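Comments concern the structure below.
The values are calculated or read from the model by the stated rules, or taken from the named source; none is laboratory data. Just so it is clear, the model here is predicted, and its values are computed rather than measured. Please note: Cβ atoms are built from the backbone with ideal geometry, for glycine as well, and neighbour counts cover all protein chains shown. These accessible areas exclude ligands, DNA and RNA; they are computed on the full protein's heavy atoms, side chains included. Shrake-Rupley method; radii C 1.70, N 1.55, O 1.52, S 1.80 Å.
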Amino acid sequence: FVTGAAGFIGSRICEMLLDRGDTVVGIDNLNDTYDPSMKRYRLEPLLKRKNFQFIYGDITDLPLLENHFAKNPTEAIINIAGIPGVRRSVENPWIFLDSNMKGNLNLLESAKKFGIPKFIQASTSSVYGANAPFPTPENADTDHPLQPYAVTKKGAETMCYAYHYLHGIDVTVFRFFTVYGPKGRPDMAIFRFVKWISEEAPLRLNGDGRQTRGFTFVDDIAAGTILGLEPVGYQVFNLGGHESISMNDLITKLENLIGKKANVERGPLERADMAANLADITRARTVLGWEPKVSLDEGLRRTVGWYQRDRAFLKDVRM
């Protein structure tokens, strides 16, 4: 049972599960936190797949979830749904509380009530705050998040632990580090940069561009999440890229791939943004055997190629 099935990461997880022969039920409310046409674009090929069932609904709707699980024995819940966006959470924290925490609680309650043994929870590197060691291990401080988004994800993590402790649910929590790739979210940097450079539009960059990220290709994230279906008791894992790059150097790489120069317009650095992130993935490597396989250069090449192939649609996607 995959939540956020029309989302960037959730849809790729569904595809990989179906490819290996699993039966998958996906749920998504197709909300407008970013352009819903991107969600329908990802969902359309899934609807054609054998062994895939789609529920148009919201994980905050507990009766809907209970009605489904009462009729459909389920081996695992993979909770990728939730409202994303560091900056958006500063503007409207209430929607994050509802989806990222109430939805998480509804799913845990369902797992308890219907005997679903495995639960995977998507979290974020944003829980590490501003002063994390670099690269960041899972035992780094998470008590000083910088935005409501990170607060709600940390709350979901701790609720998962409580349900593991009280009810014996096997829980894997993944802290994702800056995911990118084909079918990516239009509110994230790489999609925006590719679109702005391709369409010769102003590229809006917050800060001086020296802030860095450890980007992770979506296929690596999806593959790692699926590895988390193995029994671990309760474990938190970083899933992150192995190459760190500044925004300025990222723009240069994209200019070279696209064959156009960026028209950069600089603005002030957002207070809610972290200056850098990079994952220590020792635990995921040791326990799950996970290793990111797609290099940044290869991942950017695939992402730009995808944009160019589907440019007729993507150039009009609202960001």
Kindly provide the helix-only [θ] at 222 nm of the chain, computed as the sum of -39,500 (n - 2.57) over DSSP H runs of four or more divided by all residues, to the nearest 500 deg cm²/dmol? -12000 deg cm²/dmol
Which percent, nearest 5, of DSSP beta bridges in the chain are antiparallel? 10
Net charge near Q147 (other residues with Cβ under 12 Å of its Cβ; Lys, Arg +1; Asp, Glu -1) is +2
Based on the alpha-carbon gyration tensor of segment 239-288 and its eigenvalue square roots a ≥ b ≥ c, which shape applies: rounded if a/c is under 1.5, prolate if not and a/b is larger than b/c, or oblate? oblate
Tell me, in nm to one decimal, what length is gained between L64 and K261 on full extension, where the rule is 0.36 nm per residue of separation less the Cα-Cα distance? 66.0 nm
Cα gyration tensor shape for segment 37-116, rounded if a/c is under 1.5, else prolate or oblate: oblate
To check my understanding: the extent here is largest minus smallest coordinate of the Cα atoms along each principal axis. What are those three numbers for segment 139-187, in Å, largest first? 39, 25, 19
Name the most mobile residue of S99, S11, S37, meaning the one with the largest mean-square fluctuation, in a Gaussian network model of the chain with Cα contacts below 10 Å. S37
With every protein chain kept in place and a 1.4 Å probe, the chain has an accessible area per residue in Å² of 44
At least 15 Å along the helix axis (C-alpha) and Kyte average at least -0.5, DSSP helices within the chain: 8-19, 103-114, 148-167, 247-258
For the modelled label position 7 Å from the Cα of D141 along Cα-to-Cβ, which residues of segment 97-129 have backbone nitrogen atoms closer than 17 Å? 126-129
Find the centroid of the Cα atoms in segment 80-145 and in segment 17-62, then give the distance between the two in whole Å. 20
On alpha carbon coordinates alone, what is the Rg over Rh value for the chain, Rh being the Kirkwood radius? 0.95
Gyration tensor on Cα atoms of segment 262-319, a ≥ b ≥ c root eigenvalues, a/c under 1.5 rounded, else prolate if a/b beats b/c, else oblate, says oblate
If r is the Cβ-Cβ distance from Q308 to Y165 and R0 is 45 Å, what FRET efficiency results, to the nearest 0.05? 0.35
Carbon plus sulfur, as percent of the 1.4 Å-probe accessible area of the chain, comes to 50
Charge sum, other residues only, whose C-beta stays under 12 Å from E200's C-beta, Lys/Arg counted +1 and Asp/Glu -1: +2
Radius 9 Å from Cβ of Y163, net charge of other residues (Lys, Arg +1; Asp, Glu -1): 0
